[in-house]
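The structure appears below as structure tokens.
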Amino acid sequence: MSQANTARAHRVLVFTTPTCPWCNRAKSYLRSRGVAFKEVDVSRDARTANDLVRRTGQMGVPVIEIDGRPVVGFDQRQVDRLLGLGPARA
């Protein structure tokens, strides 16, 4: 199975806001690696935003949730590890 197919098998949510530059970088990176994800704009959903703070202890975005495990911020190494991806090629 290719890396992209492996990544697609995961449930990936990206919690964002429209003005977050790191959110855009995270989404762009996931797309470049062929990872399917669902984006959740927490600026439009107070209940989800509050739940995210409760679960992570953080108010910042992005939060990338992979199979129920949150990664706070855009930590590319952690994202790759949880998705089972090797290093990105230049």
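Note on region 20-50: residues that are closer than 21 Å to residue 84 by Cα, in contact with a strand residue (DSSP E or B) (Cβ under 9 Å, 6 or more places away or on another chain) and not in a helix (DSSP H, G or I) amount to 5. Regarding residue 53, is this residue in a helix (DSSP H, G or I), of a type outside the set (Gly, Ala, Ser), free of Cβ contacts under 8 Å to residues at least 12 places away in the same chain and surrounded by 13 or more Cβ atoms within 10 Å (Cβ to Cβ)? Criteria met by residue 53.
Among the residues of region 56-69, is any in contact with a strand residue (DSSP E or B) (Cβ under 7 Å, 6 or more places away or on another chain), in a helix (DSSP H, G or I) and among the hydrophobic types (A, V, I, L, M, F, W, C)?
The answer is no; no qualifying residue exists.
Looking at residue 80 and the list (1) among the acidic types (Asp, Glu); (2) within 13 Å of residue 11 (Cα to Cα); (3) assigned to a helix (DSSP H, G or I), which single condition is not satisfied? The single condition residue 80 does not satisfy is (2).
The rows are residues; the columns are (1) more than 15 Å from the chain's Cα centre (by Cα); (2) under 17 Å from residue 79 (Cβ atoms).
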{"site": "23", "(1), (2)": "no, yes"}
{"site": "28", "(1), (2)": "no, yes"}
{"site": "37", "(1), (2)": "no, yes"}
{"site": "41", "(1), (2)": "no, no"}
{"site": "46", "(1), (2)": "yes, no"}
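Residues being free of Cβ contacts under 8 Å to residues at least 60 places away in the same chain and more than 13 Å from the chain's Cα centre (by Cα) are represented in region 58-78 by at least one member.
No lab work stands behind these numbers, since they all come straight from the coordinates. Everything numeric here is computed off the predicted structure, so don't read it as measured data. Heads up, the Cβs are rebuilt from the backbone with ideal geometry, glycines too, and the neighbour counts pull from every protein chain shown.
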